[in-house]
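Novice: Sharing a structure below in structure tokens format, with a few things to ask.
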Amino acid sequence: MNPLVWIAPTCLFLAAACFIVGGRLVHRARRVDRVQLPARLRSRVWLGPGYSLVLEYPGPDGQPRIGSAFAFIRRGLGATPAFGGWVWVNRADPADVMTRPGGRTAPGGTVLIGGAIFLFASLGTGLAAVIVASTSAIGGP
């Protein structure tokens with residue numbers, strides 16, 4: 001039997017698993033309760049796609065806290081600056097600080113991209129399996 005017949009459903013199963021896990025990771029990251037606080041930039045280091053920021057913001061007890069965050073550089077119409085004087089802090093963990101309210105969605109997004117790759121691999125190997133099977137049926141090699 002042609003091995004492509006087994007590779008296509010395996011890739012399809014992996015794609016479905018990646019879509020489920022990635023979707024849950026993104027949903028969980030966006031569900032974190034964050035509060036917006038004023039912040040002051042203490043230092044900034046350029047790291048390729050963005051900046052590593054050291055920020056000072058008020059803690060739950062009113063005392064200043066120092067935290068670090070990574071801010072991607074965004075370009076184009078409607079792009080917001082890397083740091084605009086505000087941070088979003090996780091209510092349950094004041095050390096978890098971000099420069100945008102969206103949450104930490106990069107791990108889930110990476111898994112979703114992996115799912116898309118598996119889906120295209122499944123379609124490609126499935127198509128190849130059909131072509132190989134049809135050429136074998138008509139007397140090909």
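The values are calculated or read from the model by the stated rules, or taken from the named source; none is laboratory data. All figures in this text were calculated on a predicted structure; none of them were measured in a lab. Backbone-built Cβ (ideal geometry, glycine too); neighbour counts: all protein chains shown.
Novice: Mind listing just one residue for me: the one in region 1-37 that is assigned to a loop (DSSP other than H, G, I, E, B) and in contact (Cβ under 8 Å) with a residue 12 or more places away in the chain and, of those, farthest from L127 (Cα to Cα)?
Specialist: D33
Novice: In addition: Among the residues of region 72-94, count how many are modelled with pLDDT of 85 or more, within 19 Å of A106 (Cβ to Cβ) and part of a strand (DSSP E or B).
Specialist: Total meeting the criteria: 4.
Novice: Looking only at region 48-59, count how many residues are surrounded by 11 or more Cβ atoms within 10 Å (Cβ to Cβ) and over 12 Å from V87 (Cα atoms).
Specialist: So the count comes out to 3.
Novice: Mind checking whether some residue in region 113-122 is over 24 Å from L4 (Cβ atoms), touching a residue at least 60 places away in the same chain (Cβ under 8 Å), outside any strand (DSSP E or B) and assigned by TED's automatic domain parsing to the domain that holds C18?
Specialist: Within region 113-122, not a single residue is over 24 Å from L4 (Cβ atoms), touching a residue at least 60 places away in the same chain (Cβ under 8 Å), outside any strand (DSSP E or B) and assigned by TED's automatic domain parsing to the domain that holds C18.
Novice: Taking the conditions exactly as written (in the same structural domain as C11 (by TED's automatic domain parsing), of a type in the set (A, V, I, L, M, F, W, C), within 18 Å of W6 (Cα to Cα) and in contact with a Leu (Cβ under 8 Å, 6 or more places away or on another chain)), does A129 satisfy them or not?
Specialist: Answer is yes for this residue.
Novice: Restricting to region 25-64, and then to whatever is among the small types (G, A, S) and over 30 Å from G114 (Cα atoms), can you tell me which residue is modelled with the lowest pLDDT?
Specialist: The qualifying residue modelled with the lowest pLDDT is G62.
Novice: Before we move on, is R65 surrounded by 12 or more Cβ atoms within 10 Å (Cβ to Cβ), part of a strand (DSSP E or B) and outside the structural domain of T10 (by TED's automatic domain parsing)?
Specialist: It is true that R65 is surrounded by 12 or more Cβ atoms within 10 Å (Cβ to Cβ), part of a strand (DSSP E or B) and outside the structural domain of T10 (by TED's automatic domain parsing).
Novice: For residues in region 51-90 being of a type in the set (S, T, N, Q) and in contact (Cβ under 8 Å) with a residue 12 or more places away in the chain, which is nearest to L37 (Cα to Cα)?
Specialist: N90
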